[in-house]
Amino acid sequence: SDNASGGGRSGALSPAPLTGDVQKIDVNPPKGTRDFPPEDMRLRNWLFNNFKEVSRLYGFEEVDFPVLESEALFTRKAGEEIKDQLYCFEDRGNRRVALRPELTPSLARLVIQKGKSAPLPLKWFTVGQCWRYERMTRGRRREHYQWNMDIIGVPEVMAEAELISSIVTLFKRIGITESDVGFKVSSRKVLQEVLKCYSIPENLFGKVCVIIDKIEKIPLDEIKKELKASGVSQEAIEELLQVLSLKSLTELEERLGSSGEAVADLKQLFALAEKFGYYEWLQFDASVVRGLAYYTGIVFEGFDREGKLRAICGGGRYDRLFSTFGADDIPACGFGFGDAVIVELLKEKGLLPELGLQIENIVCALDVDLQGAAATVARILRDKGQSVDLVLENKPLKWVFKRASRINAQRLVLVGSSEWQRGMVGVKILSTGEQYEVKLDDLN
Ligand SMILES: Nc1ccc(Br)nc1
């Protein structure tokens, strides 16, 4: 409704007369990015607090890194989409920099930087915004937040089992069960063992994995063409594609034999899954390779069983990443869990939490010369740990009640002249309408 100052929301000033040169700005965020107004921020905080609580339960330490990194951290030559869509530029110091597209390289950088002052094993987690620059033709987002958990310095499959366990714990906390989602699990050592039979050079491995990761996204002929162009023989391609269609560990063992590391690692993981209590969440799927070049062993991704959504999370072992940064290799594994697909899944399942604003008190002076008294009441309540919305303006009571309802305040504390003289304030419990006076010292 219009107010005294003519139109617009209450309290807004009428716009200053536009001089010729003031342009009305675009109030939307840049393409592909999101604002988080209060109701969206409550959902984000609820999700991130679950990420952080699970990380705490698993004894992980929180770390953080700049969103801006040297471009060199991400310039891997394996044809990854993440590299093609790098949000990179030259800064004013002529340095090549990039908005990070993922968190693992930053984590590896910090581990190397810390060296022996960070004794292994390290269990680190972070929740950070990641970026990509994608032609808006596809209208996809350019930023999302990822929860990452990484275990550095543990070569055993126990590390991957622990990481998957932490994700299962997260899912359970937010109401997702094994009937809603599962994990497709494989190992890149499957590909390695096949490629080794065809003497494919090691340095092609990452590139081959990146191509194969697209197997469900682009036509098979395109996959074969890219593999051929990368130097993989026709015979090797045929063998690869056959192995990738295997859907059981038994088939895999029949194909590769039981002496290889791939079968041993995967058998170990499934055995541990039994002990961790999430065996029903896992399924072997040889076609899972993930799209990051640096994975070297077990890889996994969380998927929705209805098949409507993109991967919910993904991760794996990366035992050779550190040497690509010029350091000694350290065995490592980790995962990324984005903030977007999971919300789509919760919406699908009707599991979005009700997260209304809840303020304990709204405190209001009944006339303007009691504003100071109202501030004192607010301080007393806040010192007791109570939330207070202090009415800052001189408003009619009708306006105060309307605001109290909008901010979902539990009680209204009224500072009136006669009560204040007697060291009292008025209280109204807004859910019941109950109304009473109370001594200021007894206000709890
Ligand atoms: N890597 C990456 C970054 C940002 C988004 Br949105 N998706 C993937």
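The values are calculated or read from the model by the stated rules, or taken from the named source; none is laboratory data. For clarity, every value in this text was computed on a predicted model and none was experimentally measured. Neighbour counts run over all protein chains shown; Cβ positions are idealised from the backbone, glycine included. Ligands, DNA and RNA are stripped out before the accessible areas are found, and what is left, the full protein with its side chains, is counted by its heavy atoms. Shrake-Rupley method; radii C 1.70, N 1.55, O 1.52, S 1.80 Å.
Data overview
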quantity	calculated
Calculated log₁₀ intensity ratio I(q)/I(0) where the Debye formula runs over C-alpha points of the chain, q = 0.05, 0.06, 0.13, 0.14 Å⁻¹	-0.28, -0.39, -1.16, -1.29
Nonlocal amide H pairs with residue 389, under 5 Å, H built at 1.01 Å	361, 362, 363
Carbon + sulfur, % of accessible area of segment 186-310 - ligands and nucleic acids excluded, 1.4 Å	49
Relative contact order (%) - criterion: Cα under 8 Å, at least six apart; region: segment 101-237	16
Whole-Å distance, taken between Cα centres, linking segment 183-204 and segment 229-264	8
Accessible area of residue 125 in the full protein assembly, 1.4 Å probe (Å², nearest 10)	10
Stokes-Einstein D (µm²/s) once Rh is taken as the Kirkwood radius of segment 46-181 over alpha-carbon pairs, at 10 °C in 1.306 mPa s	95
Other-chain or far-sequence residues with amide H under 5 Å of residue 87's (modelled H)	99, 133
Net lengthening on full extension, residue 116/residue 216 (0.36 nm per residue, minus Cα-Cα)	31.8 nm
Whole-number accessible area per residue in Å² for the chain, which is evaluated in the context of all protein chains at 1.4 Å	52
Relative contact order %, segment 52-134, counting alpha carbon pairs below 8 Å whose residues are six or more apart	41
Gaussian network model of the chain, springs between alpha carbon atoms under 10 Å - residue of 150, 328, 389 with greatest fluctuation	389
Cross-link pairs beyond the 18 Å C-alpha cut-off, checked among 217/267; 172/349; 402/428	217/267
Ranked order, 401, 65 - accessible area, probe 1.4 Å, largest first	401, 65
Full-stretch length increase - residue 280, residue 397 - with 0.36 nm per residue and alpha-carbon distance subtracted	36.3 nm
Distance histogram for segment 63-116 (every C-alpha pair counted, 5 angstrom bins, percent rounded to whole numbers)	4, 19, 29, 22, 16, 8, 2
Residue 422 versus residue 379: modelled label distance in nm, points set 7 Å from Cα along the beta carbon direction	2.5
Projected-area average for segment 320-370 over all orientations - Cα convex hull basis, square nanometres	10.1
Segment 359-444: relative contact order as a whole-number percent, Cα under 8 Å and 6+ apart	32
Candidates 312, 218, 112: whichever shows maximal mean-square fluctuation once the chain is modelled as a Gaussian network with Cα springs under 10 Å	218
Shape of segment 104-196, Cα gyration tensor, a/c cut at 1.5	rounded
